[in-house]
1. So which helices (runs of 4 or more DSSP H) are wholly in the stretch B:102-172 and hold at least 1 residues that are without any contact (Cβ under 8 Å) to a residue 60 or more places away in the chain and in contact with a Pro (Cβ under 9 Å, 6 or more places away or on another chain)?
2. Within the stretch B:36-46, can you find the residues that are touching a residue at least 40 places away in the same chain (Cβ under 8 Å) and facing chain C (nearest Cβ under 9 Å)?
3. Filter the stretch B:223-251 down to residues that are at pLDDT below 95 and either assigned to a helix (DSSP H, G or I) or among the small types (Gly, Ala, Ser) (or both) and give me whichever is nearest to the chain's Cα centre (by Cα).
4. Looking only at the stretch C:10-30, decide whether some residue is within 14 Å of chain B (Cβ to nearest Cβ), more than 25 Å from residue A:188 (Cβ to Cβ), within 18 Å of the chain's Cα centre (by Cα) and touching a residue at least 24 places away in the same chain (Cβ under 8 Å).
5. Restricted to the stretch B:91-106, and to residues that are buried (at least 24 other Cβ atoms within 10 Å of the Cβ) and not small (Gly, Ala, Ser), which residue is farthest from the other protein chains (Cβ to nearest Cβ)?
6. Those residues that are small (Gly, Ala, Ser) and part of a helix (DSSP H, G or I), I need them from the stretch A:97-130; list them, please.
7. Out of the stretch B:72-83, which residues are surrounded by 24 or more Cβ atoms within 10 Å (Cβ to Cβ) and either more than 7 Å from chain C (Cβ to nearest Cβ) or more than 20 Å from residue B:129 (Cβ to Cβ) (or both)?
8. Just to be sure before I move on: is residue C:126 within 16 Å of the chain's Cα centre (by Cα), away from chain B (no Cβ under 14 Å) and in a loop (DSSP other than H, G, I, E, B) in the structure I sent?
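The values are calculated or read from the model by the stated rules, or taken from the named source; none is laboratory data. Owing to the predicted nature of the structure, the values given are computational and were not obtained by experimental measurement. When we count neighbours, we look across all protein chains shown, and the Cβ atoms used for this are built from the backbone with ideal geometry, even at glycine.
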Amino acid sequence: MLTLFLFLQEVFFFTQQNTARVVEAYVGEYASGKSEMAINRALELKKQGRNVTLVDLDTVEPFYTLRTLKNQLEKKGLKVLAFSREQSFGLGETGAMLNPAARWALWQEGDIIMDVGYGVLGAQTLNLVEGAYDSPELKIMAVVNYSRPMTGNRERIKKYINSLGRVDAIVANTHMGDESTVDLIKEGNREIFAVAAELGIPIFFQALDEKLRDALEESWEIPVKFIKRFMPAAIW
Amino acid sequence: MGMIAPAIPKSWYLPSKPHKFCPGCGHGIVLKALGETIDELGIQDQVVFGCDIGCSLLSWNFFACDSTQTHHGRTTPVMVGIKRSRPELITIGYMGDGGGYSIGSQHLLNSAVRNEKVTLILVNNTNYGMTGGQMAPTTLPGQKTETSPFGRDVDLTGYPTRGPEFIAELTPDSAYVARATVSKYKQLRRFLRNALRNQMEGNGFSFVEVLSTCPTNWRTNAQQTWHFLEEEMEQYFPIGEIKTPFGKGDK
Amino acid sequence: MPKIFEANKKAFITGNEAVAWAALAAGAEIMFGYPITPQNEVMHYWTRLAPEYGKGFLQTEDELSAGFTVCGAVQSGKKAFTATAGPGNVLMQEPFGMAEAMRLPLFAVIQQRGGPSSGTVVYSQQEVTLTTFGGNGEGHRIVYSTATHQEIFDYTIKGFNAAWKYRFPTFLLGDGYQAKMREPLEMYNPEERGIEMVKTYPLVGLEGKIGEDREPQHLCNIYSLEEELYEVVMKFAAEHEAISPELVEYEEKECEDAEIIILSHGVVSRAADDAVKILRAQGIKAGYFRPITLRPFPQKQLREAINRRPARKLLIAESAYGQLDRLTKQEIYGETVAIENLFMPGVGIIDYDIINKVKSIL
């Protein structure tokens with residue numbers, strides 16, 4: 001069995017350039033944690049005193065989207081381009097409503113974090129954002145949770161990442177909700193790193209619920225971002 | 001002098017004979033042609049016959065073939081469900097003009113678009129027979145029925161549905177679409193054979209509308225019945241193969 | 001059949017995905033469906049998985065067609081299913097009725113949304129009456145109301161088996177919350193849990209030469225005489241009643257000394273469970289009763305639970321305006337326990353809603 005050490009010779013990391021602004025789009029499998037990663041990333045940048053806009057590009061889901069959290073996140077100082085719960089009508093059966101402002105998201109000043117919903121067309125959703133693919137700043141982050149059956153082994157992860165189109169970096173987000181353990185996360189992320197190495201795609205970070213901060217005994221070689229899970233409260 | 005026994009198709013189910021269709025009804029002719037075709041093709045054991053509600057319902061145990069009876073208009077999806085699950089079976093849906101063109105039209109239309117590999121036979125007698133002679137999608141302009149007592153007014157209810165014509169528009173070239181009449185038996189047999197062959201060869205959707213007679217609800221004697229069929233119906237609804245993968249088609 | 005899961009595997013998924021995986025594990029062969037929220041991901045995942053496992057799928061023109069194609073598929077001997085919600089469930093009552101009349105082993109998943117009419121696409125428990133007693137018949141059906149993703153997985157497998165064993169149309173009644181929530185569950189191959197999958201068999205398209213090896217099958221659902229139909233319906237009723245004792249499932253907690261029993265089903269029972277724990281900690285003698293089968297209903301067990309102490313009150317909590325309440329009252333007719341209710345149609349119920357209600361009526 002390959003060890004984490006062995007991987008480290010092949011796995012490489014994504015470092016966000018010190019550009020004028022950060023533009024990141026989070027894509028990935030259904031329920032892989034795209035919105036969660038996008039929210040946490042936006043808040044992280046906000047804490048650095050930056051001007052951050054969070055964009056809802058989830059065209060599939062009425063549930064578990066940023067929309068229900070819009071007001072809460074705006075109180076934290078983020079600009080959120082999404083319909084709020086009150087502004088939605090009939091959920092358009094369902095989420096297939098794009099806030100017109102999202103189309104022009106890149107015209108916003110400051111950092112842009114985009115939460116892209118799932119779907120067989122993958123990152124193509126970014127076609128809906130004016131100028132996205134021409135943007136030199138755009139980085140597409142694929143979020144992968146090894147506990148999701150469709151990305152539950154190396155073969156499936158590879159197939160899935162390949163189906164997404166352009167991917168600039170991978171976020172390893174293995175978890176099992178309330179039943180997450182450090183071991184489970186490590187084991188799952190190890191598989192994700194192996195695939196990333198094989199595909200030559202860098203790892204941006206691995207996500208770890210802040211509740212597990214104390215359970216983490218050793219320092220992990222691959223950068224960990226502690227995240228707070230907002231989405232369980234996002235049910236309509 | 002003894003009676004000459006009529007030739008009964010092998011695929012008919014004898015315990016259900018004599019059948020219960022009215023004297024002069026065209027269903028018996030269609031079902032005889034279908035029975036002979038099933039015999040000729042040797043497919044009795046592979047056929048699943050499905051019948052709709054309406055007079056076509058009376059065929060639920062007509063054949064010595066596995067048969068199932070459905071709801072009004074829903075024979076098409078039941079046949080599609082069987083065929084999609086067991087492609088080796090030969091599914092024959094049997095329905096009237098109400099079931100096919102009215103209450104079940106969305107199923108007919110969409111199964112045609114999907115080129116489902118089923119054979120549907122639709123009997124057009126210009127009225128709802130079993131419920132007592134109401135107006136059907138195929139009722140001719142001016143024709144009196146219980147719900148068009150002063151004759152079908154096309155300003156109010158539109159023109160009769162030309163089913164095979166619209167199905168031909170919806171289907172690819174591998175489909176088979178024809179309109180037959182009980183007044184031309186040999187042609188009817190040929191069209192039914194082609195419709196079944198088309199399914200057996202896995203080509204695509206196969207649809208035959210058969211112009212038929214309903215003396216009971218038309219309140220016509222034998223001569224008048226035949227006259228209405230040949231002079232009125234066949235004039236309005238052209239007979240022939242509208243789309244066929246087998247040669248040029250019989251116009 | 002190839003194994004679906006290499007090992008019993010924990011997964012983090014939504015309820016809709018759990019249906020698709022469980023159907024696969026149960027050996028389902030074909031799905032027919034029509035898009036409606038909140039059940040769409042059942043189809044999304046079935047269609048992703050189908051080619052990999054040699055399964056069939058057809059997106060039909062509407063829910064009538066989805067229901068009737070399933071009727072056809074099961075008649076041909078294939079394990080088929082569909083999933084729907086709300087107005088789709090209304091349309092499917094027609095094919096469900098045919099399945100009832102012809103005793104077809106149809107299995108359907110219902111993810112309840114708000115009603116009446118288009119309502120909301122979110123959540124409700126307002127399809128209880130429709131799913132248990134919809135159609136122009138007598139409700140000779142089997143209805144499992146699940147509360148967790150693990151149950152969605154378990155009862156999907158069980159549902160296919162019940163349908164094919166008893167030949168009454170069988171339903172898994174979920175809701176929008178269960179459809180979309182994400183939680184861990186264990187997915188398994190039924191055989192490895194000692195669950196034997198009931199063998200399917202055709203009702204039409206049988207083996208053998210007609211007239212030599214066998215008689216032709218003539219299935220019908222229409223009768224000429226009142227008496228003929230009467231015989232059939234009475235026979236179905238007797239059979240449905242006879243199998244009820246082995247079918248009924250329920251969950252009961254803390255009813256031995258309960259002054260008040262909280263009755264709920266589906267996802268609301270999770271709130272009721274929490275509420276009872278909190279109330280008990282506060283010294284209030286609350287009990288919990290949850291029918292898992294809404295049809296047949298565990299009426300004997302509920303009567304026993306009520307009469308144990310006996311309880312003074314029965315609080316019926318549901319995200320509908322009295323559908324579980326009506327079902328319960330007809331089942332426990334004659335009991336003198338005072339029945340109170342917490343009706344929140346189309347709205348989620350949390351533990352505090354129940355606790356506040358309990359405190360207001362004790």
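1. Of the helices (runs of 4 or more DSSP H) lying wholly inside the stretch B:102-172, those with at least 1 residues that are without any contact (Cβ under 8 Å) to a residue 60 or more places away in the chain and in contact with a Pro (Cβ under 9 Å, 6 or more places away or on another chain) span B:105-113, B:154-157.
2. B:46
3. Among those that are at pLDDT below 95 and either assigned to a helix (DSSP H, G or I) or among the small types (Gly, Ala, Ser) (or both), it is B:249.
4. Going residue by residue through the stretch C:10-30, those that are within 14 Å of chain B (Cβ to nearest Cβ) are C:27-30.
Right, trim to more than 25 Å from residue A:188 (Cβ to Cβ) and you get C:27-30.
Right, trim to within 18 Å of the chain's Cα centre (by Cα) and you get C:28.
Going one step further and asking which of them are touching a residue at least 24 places away in the same chain (Cβ under 8 Å), we end up with C:28.
Within the stretch C:10-30, one or more residues are within 14 Å of chain B (Cβ to nearest Cβ), more than 25 Å from residue A:188 (Cβ to Cβ), within 18 Å of the chain's Cα centre (by Cα) and touching a residue at least 24 places away in the same chain (Cβ under 8 Å).
5. Here the answer is B:97.
6. Of all residues in the stretch A:97-130, those small (Gly, Ala, Ser) come to A:101-102, A:105, A:110, A:117, A:119, A:122-123.
Scanning the stretch A:97-130 gives A:101, A:102, A:105, A:122, A:123.
7. B:73, B:75, B:76, B:77, B:78, B:79, B:80, B:81, B:82, B:83
8. On the way: within 16 Å of the chain's Cα centre (by Cα): yes; away from chain B (no Cβ under 14 Å): yes; in a loop (DSSP other than H, G, I, E, B): yes.
When the stated conditions are applied, residue C:126 passes them.
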